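Asker: Before I ask anything, here is the structure I am working with.
Readers should treat all values here as calculations from the given coordinates under stated rules, not as data from a laboratory. Treat the numbers as computed from the prediction; the structure is a model and nothing was measured. Because the Cβ atoms are built from the backbone with ideal geometry, glycine has one as well, and the counts that use them run over all protein chains shown.
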Amino acid sequence: MTETTSAPAPVAAPEQAARPALGRRVAAALGSRAVLAPVIATLVLIALWEALVAANGWPDYVMASPSDLVPAYAQYWELFLVMGWQTLWRTVLGLVIAVVVGVGLGMVMGFSRTMRDALYPLLVGFNAIPKATVVPIVALMFVGAHDFNTVLIAFMISFFPIAVSVSIGLSTLEPEYRDILRALGASQATIFWKIALPKTLPEFFGALKVAVTLAFIGTNLMEIVSPHGRGLGALFDSGKTNSDYPLMFAVLIALAVLGILLYYVVVVLEKIFAGWAERSPG
């Protein structure tokens, strides 16, 4: 009786095995609710916008429709690229400075009740001042310093929520955790890195998402007001001066797109550093 041995199953090459897995991950990502939901909502909004303008018969100087924006992008695409980059890097720089200063102030107020009682009313009072009234003052103080005054306003308008979130996160740290670690011989630095910092991260990233939009508002305000300014705000002001209303609406949409992109950068960073705090809805 002869034994028959079955031939071994062919083993796929690592590259071939990896391709289907990679394809499945890409397909899952593209088909995920997190991607499809905002895309569908955007398409519905554009359709409703177009239908609203058509139903009311509004000319473009009253309300430009999405179809009116396509010629504006086609005609001024080089300006959108150049000025969009100017707006983006100044906004990001102002936001980075706001994070550094806001986290520093938040830590001071979070670890010291005296400093919190002293600084918090001042921060609230400063934040209550309409930044639109501060923009012309800064523009006149630093005439010609387009980059500096734009970054300054982006910082001034966005650091407050960051400072408050860090302060609240640190000041509400449960004393039991701190006492247990101290009893085990942990230093103040260890307590900060192991307990205080992780607890503060969810509040910090929540505030950072708000600060992103505020920074764009500050940058755009300065670009519109500042004499001979640059950026998308200056392009918007040019459209207003020349009664080019489709261009004005196109600038607003470009600002929204930049804000959304920067928001999702923060979301990715949040998933990397504070993904453990995310809770799936029940």
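Asker: Give the distance, in whole Å, between the Cα centre of the range 198-216 and the Cα centre of the range 33-75.
Answerer: After rounding, the separation between the Cα centres reads 30 Å.
Asker: Same structure again: Can you give the local net charge around residue 70? Use residues other than it whose beta-carbon is closer than 15 angstrom to its beta-carbon, Lys and Arg +1, Asp and Glu -1.
Answerer: Combined, the nearby Lys, Arg, Asp and Glu give -4.
Asker: Name the residues whose placed amide hydrogens come within less than 5 Å of the amide hydrogen of residue 244, ignoring near sequence neighbours (fewer than 5 apart) on the same chain.
Answerer: none
Asker: I would also like to ask the following. What's the ranking of 88-94, 192-198 by average number of surrounding C-beta atoms within 10 Å, highest first?
Answerer: Highest-to-lowest ranking by the protection proxy: 88-94, 192-198.
Asker: With θ taken as phi - 60° and the coefficients 6.51, -1.76 and 1.60, list the Karplus ³J(HN,Hα) couplings across the range 201-212 in order, rounded to whole Hz; mark glycine and proline as x.
Answerer: Per-residue couplings from phi come out as 4, x, 5, 4, 5, x, 5, 5, 4, 5, 5, 4 Hz.
Asker: Sticking with this one: Please list, or write none, the lysines whose alpha carbon is within less than 19 Å of the alpha carbon of residue 194, excluding same-chain residues fewer than 8 places away.
Answerer: Partners within reach: 271.
Asker: Using per-residue counts of other Cβ atoms within 10 Å, averaged over each peptide, order 70-81, 158-169, 122-133 from highest down.
Answerer: Packing order, densest peptide first, comes out as 158-169, 70-81, 122-133.
Asker: While we're on this one: Sort 38-50, 137-149 by the packing proxy (mean of other Cβ within 10 Å over each peptide's residues), most packed first.
Answerer: Details: 38-50: 11.7, 137-149: 15.2.
The most tightly packed comes first, giving 137-149, 38-50.
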